[in-house]
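Structure record follows, encoded as structure tokens.
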Amino acid sequence: MLQIYNTLSRSKQAFKPIEPGKVKMYVCGMTVYDFCHIGHARVMIVFDMVVRWLRASGYEVVYVRNITDIDDKIINRAVENGEPISVLTQRFIDAMHADSDELGLMHPDHEPRATDYIAQMQGMIGRLIEKELAYQGEDGDVNFAVRLFPEYGRLSGKSLDELNAGERVAVGGGKRDPLDFVLWKSAKAEEPSDTRWKSPWGEGRPGWHIECSAMSCDLLGEHFDIHGGGADLQFPHHENEIAQSEGALYGQDHKASDQPFVNYWMHNGHIRVNEEKMSKSLGNFFLIRDVLNNFDPEVLRFFMLRAHYRSPINYSDAQLEEARSGLVRLYTALAQAPLSNHAVDPQSPWAKRFTDAMNDDFNTPEAIAALFDLASEVNRAQSQEKVELASTLKGLAGILNFLQRDPTVFLQAGSRGNDVGLSPADIEEQIAARVAAKQAKDFAKADLIRTTLLEQGVVLEDKPGGLTEWRRT
């Protein structure tokens with residue numbers, strides 16, 4: 001049975017969907033004012049993996065990932081560029097889709113944009129005001145009254161007293177309490193006309209937190225199975241989502257026995273770069289498209305899933321090269337045997353080990369370790385057993401979207417952005433020269449050609465019948 005680490009309970013729990021056989025999952029997506037970076041890549045890759053495993057396990061999954069297409073950063077960038085926000089956001093939505101497609105990721109079933117859900121957000125804000133959990137301040141903003149929601153802090157494990165002690169926002173403007181957060185922002189005179197909407201509280205735009213509650217409840221219902229996102233969203237974003245969603249449903253009379261907004265909260269770990277926090281100010285900020293100029297997309301996916309999704313991960317070119325070497329080992333095993341349509345036996349020791357790992361809170365490091373051990377068995381096996389084991393390797397890896405390409409194509413491709421490597425034609429020419437040297441019994445020249453090619457990142461493998469295959473290191 002699948003076990004999921006639930007941030008809300010701080011423990012692994014047996015997964016029981018609300019509706020048998022069906023899973024409803026919402027993941028916080030991107031704010032589209034710039035190109036996606038490798039932190040975004042981790043979120044996309046992790047929850048792509050989660051959906052793939054749920055579906056492989058027989059569940060019917062509805063996967064929703066939102067797009068934030070209105071907020072302060074978007075407005076500021078659009079003003080700087082002198083363009084409408086819709087033009088800016090569409091450009092970066094297209095870029096995000098291009099990055100996702102190159103990474104080989106599935107599209108969500110629904111990808112709602114915040115600007116298409118203004119009415120639903122206003123409806124939820126109205127219910128919160130009716131239940132006296134929200135109020136309009138003197139500055140026109142509508143705020144959520146945190147202290148009136150007694151369950152606040154469950155997800156993050158923070159008490160109101162702790163939060164108040166650490167709060168540095170002075171009470172002023174429209175807030176009654178520094179802990180309160182904005183649901184509706186009153187429009188400022190200098191803001192463009194395409195950044196404001198009419199509302200019962202005057203022209204303005206939604207706060208960031210309310211959009212996810214409105215969109216998830218509209219598409220998945222007021223009670224659904226899984227909510228995911230990066231660890232940095234646990235507080236305050238997801239904490240605020242719980243408060244406003246359950247507050248709109250139950251009001252101030254919320255009881256512990258009431259159904260929660262979400263049953264399982266999942267958070268992927270941070271990315272660090274060379275053991276430092278990734279940030280633009282440190283100059284260690286990497287865009288997905290820049291990384292893919294130098295590394296195959298499958299390598300980046302493999303790198304991300306070698307670590308457990310909840311663990312922090314250290315990003316560096318050396319780590320990506322190591323991930324590529326791992327994929328080379330697996331593809332090399334596949335290249336030894338013609339692949340058949342042999343189905344994966346779910347009772348085989350390899351499939352059971354892989355399944356047990358994935359059912360243990362999506363333990364991809366252990367699942368991948370099983371693939372490496374299986375590759376070693378492929379290397380040792382003979383004839384039909386080798387064919388069956390290789391097919392099992394490809395089948396299991398396919399669940400994570402690995403090892404689905406022609407092994408020779410992958411092994412001969414090398415690293416991207418490598419303009420100094422030999423071309424395939426150059427390599428074949430050297431192989432032919434080596435064959436001629438061996439036929440002339442000039443073994444010293446043959447060895448020299450092999451060594452020279454190896455120094456240039458090309459490995460030769462002599463096969464029965466005089467055939468020589470090659471791959472890049």
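The values are calculated or read from the model by the stated rules, or taken from the named source; none is laboratory data. The structure displayed is predicted, hence computed values, not measured ones. Quick reminder, even Gly has a Cβ in these numbers, built from the backbone with ideal geometry, and neighbours come from all protein chains shown.
Quick notes on this one:
- Taking the listed residues Asp218, Asp232, the one that is within 24 Å of the chain's Cα centre (by Cα), at pLDDT below 95 and in the same structural domain as Ile70 (by TED's automatic domain parsing) is Asp232, with no other qualifying.
- Scanning region 128-180 for residues that are of a type in the set (Lys, Arg), under 27 Å from Ser9 (Cα atoms) and at pLDDT 90 or above turns up Arg147, Arg154.
- The residues in region 443-473 that are modelled with pLDDT of 70 or more, hydroxyl-bearing (Ser, Thr, Tyr) and out of contact with any helix residue (DSSP H, G or I) (no Cβ under 6 Å at 6 or more places or on another chain) can be counted, and the count is 2.
- Matching residues, region 190-249, being closer than 17 Å to Asn6 by Cβ and in contact with a Gly (Cβ under 8 Å, 6 or more places away or on another chain): Gly230, Ala231, His238, Glu239
- If only residues of region 97-114 that are under 24 Å from Cys217 (Cβ atoms) and surrounded by fewer than 20 Cβ atoms within 10 Å (Cβ to Cβ) are counted, the one that is farthest from the chain's Cα centre (by Cα) is Arg113.
- Unmet requirement for Gly39, which otherwise passes all of (1) at pLDDT below 95; (2) under 13 Å from Met266 (Cα atoms): (2)
- Residue match in region 335-344 (condition: farther than 19 Å from Glu461 by Cβ, surrounded by 19 or more Cβ atoms within 10 Å (Cβ to Cβ) and under 28 Å from the mean Cα position of the chain (by Cα)): no
Table: residues versus (1) touching a residue at least 40 places away in the same chain (Cβ under 8 Å); (2) of a type in the set (Phe, Trp, Tyr); (3) under 20 Å from Leu396 (Cβ atoms).
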{"position": "Leu287", "(1), (2), (3)": "yes, no, no"}
{"position": "Leu292", "(1), (2), (3)": "yes, no, no"}
{"position": "Asp296", "(1), (2), (3)": "yes, no, no"}
{"position": "Arg301", "(1), (2), (3)": "yes, no, yes"}
{"position": "Tyr309", "(1), (2), (3)": "yes, yes, yes"}
{"position": "Asn314", "(1), (2), (3)": "yes, no, no"}
{"position": "Leu320", "(1), (2), (3)": "no, no, no"}
{"position": "Leu327", "(1), (2), (3)": "yes, no, yes"}
{"position": "Ala335", "(1), (2), (3)": "yes, no, yes"}
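- Restricted to region 430-442, and to residues there that are of a type in the set (D, E, K, R) and at pLDDT 70 or above, the residue that is nearest to the chain's Cα centre (by Cα) is Arg434.
- One residue stands out in region 111-162 among those that are touching a helix residue (DSSP H, G or I) at 6+ places or on another chain (Cβ under 6 Å) and small (Gly, Ala, Ser): the one that is farthest from Trp197 (Cα to Cα), namely Ser156.
- Residue ID - surrounded by the fewest Cβ atoms within 10 Å (Cβ to Cβ), chosen from residues in region 283-316 that are in a loop (DSSP other than H, G, I, E, B) and among the polar types (S, T, N, Q): Asn293
- Leu371 being surrounded by 15 or more Cβ atoms within 10 Å (Cβ to Cβ), within 22 Å of Leu460 (Cβ to Cβ) and modelled with pLDDT of 90 or more: no
- Meeting the requirement of 2 or more residues that are over 20 Å from the mean Cα position of the chain (by Cα), the strands (runs of 3 or more DSSP E) wholly within region 1-85 are 11-14.
Okay, residues lined up against (1) among the aromatic types (Phe, Trp, Tyr); (2) within 30 Å of Asp194 (Cα to Cα); (3) surrounded by 20 or more Cβ atoms within 10 Å (Cβ to Cβ):
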residue	(1), (2), (3)
Met215	no, yes, yes
His227	no, no, yes
His238	no, yes, yes
Asn263	no, no, yes
Glu275	no, no, no
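- Screening region 167-257 for strands (runs of 3 or more DSSP E) wholly inside it with 3 or more residues that are in contact (Cβ under 8 Å) with a residue 60 or more places away in the chain returns the ranges 204-206, 224-230.
- Considering Glu388, Glu377, Glu366, the condition of being in a helix (DSSP H, G or I) and farther than 23 Å from Glu298 by Cβ is satisfied by Glu388 alone.
- The set of residues in region 345-365 being surrounded by 16 or more Cβ atoms within 10 Å (Cβ to Cβ) and closer than 25 Å to Asn6 by Cα consists of Arg353, Phe354, Thr355, Ala357, Met358, Asn359, Asp360, Asp361, Phe362, Asn363, Thr364.
- Across region 317-363, the qualifying residues are those that are of a type in the set (Gly, Ala, Ser), under 30 Å from Ala14 (Cβ atoms) and in a loop (DSSP other than H, G, I, E, B), and the one among them that is modelled with the highest pLDDT is Ser348.
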